[in-house]
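The values are calculated or read from the model by the stated rules, or taken from the named source; none is laboratory data. Please read these numbers as outputs of a predicted model, since none were measured by experiment. So basically every Cβ, Gly included, is an ideal-geometry build from the backbone, and we count neighbours across all protein chains shown.
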Amino acid sequence: MENYPKDYFKLVHIDKEVILDKSLKTKQLTYFQDAMLRFGKNKYNVIASFILVFLIIMAIIVPILTPEYLYTDVNSNLRLLPPRVPVVSNFGVLDGTKFFKNVSVDETTISLETGLGYPTEDFNVEFIDMSTLENEIQTGTIKDASYKGGTNELVISTNKISHSIATREFVSVGAGQTIYIDINDLSGGVLEAYIVKTTATFTETKVDIQTEETYEVTTMATEVGDVDLTWGDERYMDYLGSINSIGMNQILLEKSGYGLLVFRYVIDTPASNSREFISLNSIYTTSGDQDADRIKEYTGYELSMFSQVSLDTESENGNYTRLNAKRLVASFVYDSYSALFDDKSARIGGVEYERILAENIGMEETIQVKPTDDKVWTFAEGYPITKVLGYNERTENIDGVDQVFRTYEVMLDGKFALGFDEVPYFIFGTDVAGRDLFSLIWLGLRTSLMLGLLAAITNIFFGIIWGSISGYYGGQIDILMERFTDIWGSFPQITMISIITVIIGPGFLALYIFMVYDGWIGVAKITRLQFYRYRGREYVLAARTMGASDKRIIFKHILPNALGTIVTRVVLSIPAVIFLEVNLSYLGFGIGNGQKLSIGPIELTGTSIGVILNDGQTQILAGNLWLIIFPTIIVSILMITFNMFGNALRDALNPQLRGN
């Protein structure tokens, strides 16, 4: 080791103030102050907490600030409007347009240049984005008028010998007329034609069970199946003829009649596993040859609507199916808002017309009369009426004085006609009843949160008391209490909710009882485990030795240490209860639209997240996905934030982490 001279060292505190110990001036943190300090250290937990608080605040204030008619009144004009959001709609996102897929095309609109057509029913071509218009031909078996052509196949079931079809309306046929039947294909057999008389009566003999006396009952054969008819019975039906070949066949009628036209496909021996069928293209009647005017014609859809008939179920049965029908459909983007709030034609009385002029100062001064027709004039923009298309006058004598009354044909401003000053923004769109989904979701979230909170508080109260007693005392008390909870919680949930619903009826009370009938068991079990964990610790034994009461030991020494885990379980039970409500409402056991429950100043409605999802799931296949997406997003965010908030509370309330 090197030797250093004394000049290398000096005393730094010579002739200076003596250094003394100083008292600590920091303030000691309480248990909850330390917990909140640790809680705030994790920024993700803080963000999640802010989001959770934001959701709760929105659930409270949005239904209050939103006009009630937007989420309570049914308005068919506003039903199923897509989302439209300010600012972002200017960039073509959430702009109120909706993509329609496979809508039947009006064939009169097909362009010779492009070969494309568009629908006209329920759609205004002015608001169809023609750059997105696409056509497609669909082939199907659907019995729908939009499907054209195709064949209709009559099939005989295995071990049966025939099956029949009949017109749904009465048909008149006359001697000399011809029935033309175009057969596309058949496996064999014969197609017979009959007409069932509407004027025929059927008399049958019956026996009175008590007196054993016989009596006769007369029934009019107005429809096939009214009486026990048999094929070829001339009292009730006329045989018109039969055919058995592919292609265009004809039956020349020798009799006249009025009734149901019936076609029976029959084979010689019962059908085996191989298909016995006849495929029909068309059936029509004429006054003479094939080129004569057609009296009745059944093709495609009209032919598919024939009803199936079986006069003898032991030997007759089968099915009747439409095949290879085609329809032209269009897919396109449609501006739903512009179409809805476009000018609307209407007829108003003179009194109403004058009232509108009086309420809108300056409106009358903007009138521009059409030079060629003084009954037509327009108004400037921004007024309820945009144009007068004409008017009718009538004169009535009232108390000896002739008075003139007018009725106006006008074009109303679309916004005015629907009760809006400007085209509205429905941020989440509207539902099937025309209600604002944004307001509806927050209203439903308020109901779901309140139900979840009430159920959670009840479960906490009973669960902590039950679990603390069971875990603290142990022994026989613990065994008996545990067996009770095992039995109590073993009943199937679907059985319990069914029983509760039958006894009480669906609604708030039934849902609340179901959510708490075994919900407290989970809190009780976690509390019991925590008490088992801490009841043997040294500080608990010391407190018991010093004479502390059981109540003090439970609430002062054990419960605070177990509070972190219990609180986490409790906080996480709230979203669990919300999801339970969602599931029950989806299954029809929860609350429903139209119900109300007042809790102090807060009124809960029958609209909840579960009810909204239940209503929206029916629109998935129709492409109205916003009815499911937005409620699902809100519930998902709620679940995530509740989980993060619960984990943060668990760490913050853990006494073992104090000071960390």
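Which one of these is free of Cβ contacts under 8 Å to residues at least 24 places away in the same chain and either surrounded by 12 or more Cβ atoms within 10 Å (Cβ to Cβ) or in contact with a His (Cβ under 9 Å, 6 or more places away or on another chain) (or both): 106, 144, 122? Give the steps one after another, and end with the answer.
Working: 144 fails: free of Cβ contacts under 8 Å to residues at least 24 places away in the same chain; 122 fails: either surrounded by 12 or more Cβ atoms within 10 Å (Cβ to Cβ) or in contact with a His (Cβ under 9 Å, 6 or more places away or on another chain) (or both).
So the residue among 106, 144, 122 that is free of Cβ contacts under 8 Å to residues at least 24 places away in the same chain and either surrounded by 12 or more Cβ atoms within 10 Å (Cβ to Cβ) or in contact with a His (Cβ under 9 Å, 6 or more places away or on another chain) (or both) is 106.
Within region 295-343, if we keep just the residues that are basic (Lys, Arg) and surrounded by fewer than 20 Cβ atoms within 10 Å (Cβ to Cβ), the residue that is modelled with the highest pLDDT turns out to be 326.
One residue stands out in region 283-294 among those that are among the polar types (S, T, N, Q) and surrounded by fewer than 20 Cβ atoms within 10 Å (Cβ to Cβ): the one that is nearest to residue 168 (Cα to Cα), namely 286. When region 534-549 is limited to residues that are in contact with a helix residue (DSSP H, G or I) (Cβ under 7 Å, 6 or more places away or on another chain) and part of a helix (DSSP H, G or I), the one that is nearest to residue 647 (Cα to Cα) turns out to be 534.
Yes or no, residue by residue, for (1) assigned to a loop (DSSP other than H, G, I, E, B); (2) outside the structural domain of residue 102 (by TED's automatic domain parsing):
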| site | (1), (2) |
| --- | --- |
| 117 | yes, no |
| 121 | yes, no |
| 138 | no, yes |
| 142 | yes, yes |
| 160 | yes, yes |
| 191 | no, yes |
| 196 | no, yes |
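A count restricted to region 68-107 and to residues that are touching a strand residue (DSSP E or B) at 6+ places or on another chain (Cβ under 9 Å), farther than 23 Å from residue 125 by Cα and modelled with pLDDT under 90 stands at 4.
Checked against (1) in the same structural domain as residue 232 (by TED's automatic domain parsing); (2) within 30 Å of residue 77 (Cβ to Cβ), residue 294 passes all but a single condition, namely (2). Applying a threshold of 8 Å to beta carbon distances and a minimum spacing of six or more residues, or different chains, the list of pairs starting in region 165-180 at a residue that is within 13 Å of residue 285 (Cβ to Cβ) and ending at one that is modelled with pLDDT of 90 or more and assigned to a loop (DSSP other than H, G, I, E, B) reads 167/306; 173/253; 174/253; 175/253; 176/253; 177/253; 178/253; 179/253.
Exactly one residue out of 429, 400 is touching a helix residue (DSSP H, G or I) at 6+ places or on another chain (Cβ under 8 Å) and not assigned by TED's automatic domain parsing to the domain that holds residue 87, and it is 429.
Is one or more of the residues making up region 238-246 at pLDDT 90 or above and at positive phi? Checking region 238-246: at least one residue is at pLDDT 90 or above and at positive phi.
Residue-wise test of (1) exposed (fewer than 12 other Cβ atoms within 10 Å of the Cβ); (2) of a type outside the set (A, V, I, L, M, F, W, C).
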site	(1), (2)
43	yes, yes
46	no, no
49	no, yes
57	yes, no
62	no, no
68	yes, yes
73	no, yes
76	yes, yes
83	no, yes
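Screening the candidates 491, 462, 428 for the property of being under 38 Å from the mean Cα position of the chain (by Cα), more than 30 Å from residue 338 (Cβ to Cβ), hydrophobic (A, V, I, L, M, F, W, C) and at pLDDT 85 or above yields one hit, 462. The lone criterion from (1) surrounded by fewer than 17 Cβ atoms within 10 Å (Cβ to Cβ); (2) closer than 20 Å to residue 459 by Cα; (3) touching a residue at least 60 places away in the same chain (Cβ under 8 Å) left unmet by residue 510 is number (1).
Quick grid of which residues meet (1) of a type in the set (Val, Ile, Thr); (2) out of contact with any Gly (no Cβ under 8 Å at 6 or more places or on another chain); (3) under 30 Å from residue 278 (Cβ atoms):
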| position | (1), (2), (3) |
| --- | --- |
| 305 | no, yes, yes |
| 313 | yes, yes, yes |
| 320 | no, yes, yes |
| 345 | no, yes, no |
| 361 | yes, yes, no |
| 377 | no, yes, no |
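Sub-9 Å Cβ pairs linking a first residue in region 349-360 that is over 11 Å from residue 408 (Cα atoms) to a second residue that is among the β-branched types (Val, Ile, Thr), at least 6 apart or interchain, are 356/348; 356/385; 357/385; 360/385, ordered by first then second residue. Screening the candidates 591, 634, 620 for the property of being surrounded by 14 or more Cβ atoms within 10 Å (Cβ to Cβ) and at pLDDT 75 or above yields one hit, 634.
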